[in-house]
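One structure is given below, encoded as structure tokens.
What follows is calculated from the coordinates using simple rules that are stated; it is not laboratory data. What you are looking at is a predicted structure, and each value in this text was computed from that prediction instead of being measured. Here Cβ is always computed from backbone atoms with ideal geometry, including for glycine, and neighbour counts include all displayed protein chains.
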Amino acid sequence: MAHGNLGTRRQADRRRVVETIKQAARIYKEHLVGKTFMYVFDGRYIEVLYKAANFKHLTGVDSPLSAKEFYRSAVRRQLQVNQIGFTARHPYELCCRKLQHLEEVANLAGAESFLLEEITTQTRSYKFGTTDLKFTLCMNKEQDADGNEKGNCYIVESLRDEDCFQKSKDVFAVSHIFVKPNDAKLYGELLFQDKNASVLPEYVFALMNEELRRTIDC
């Protein structure tokens, strides 16, 4: 009987995980995929993308589905309990902690945060990361098969259930966050501005459309 109850609980746990992933996928698609975010800090800026293919890794679960299949199934609410699993590399407890934050990723993308530079973990190094002190999104530039960097944007690759301050070389307050559709040449929306932010560099203004420049000037 005890084994039966345990099995029932595990199934219920998996169903909750799947439902959370489906909800997070909808938010991820609606607010992050297809957009470019610009973070301004320390008189510099970086441009960041959230790709559909990286969603699976952010959840922390194991799955026989490819990254694209996993994301597509989650967005369409077709992901099944038997399509996720937990292993030594993908433990259930860590998955649950990641999923607590996954639905908050869209908020972090446009809210007060810190920019971490040169993050080193036990398994990987990342050029940048953003954190709200509860969790960290780590990012690198994409690489081709030969290890050469592709494009100028950084790709969010990992969600860590920690702030990563102690694992980074430098920490900066983010002064501004802008967003645009991927197919737009110029940024047209300001998501966040630190009330103590200094004047933006001219090269950042050059990346905004006229309407946004007038708003910032005001």
How large are Rg and Dmax for the stretch 46-145 when calculated on the C-alpha trace, in angstrom? 14.3, 39
Report the normalised scattering of the chain as log10 I(q)/I(0) at q = 0.14, 0.15 Å⁻¹, calculated by the Debye formula with identical scatterers on the alpha carbons. -0.89, -1.00
How do K150, K180 rank when sorted from fewest to most other Cβ atoms within 10 Å of their own Cβ? K150, K180
Quick check on my link table: of K68/K167; K29/K141; K22/K167, which ones sit more than 28 Å apart, alpha carbon to alpha carbon? K68/K167; K22/K167
The extension gain from E93 to R44, computed as 0.36 nm times the residue separation minus the Cα-Cα distance, is 13.9 nm
Candidate aspartates and glutamates for bridging to K134, where Cα separation is under 14 Å - those fewer than 8 sequence places away on the same chain excluded: E103, E104, E112, D161, E162, D163
Quick one: length gained pulling T215 to N182 fully straight, 0.36 nm per residue minus the C-alpha distance? 9.7 nm
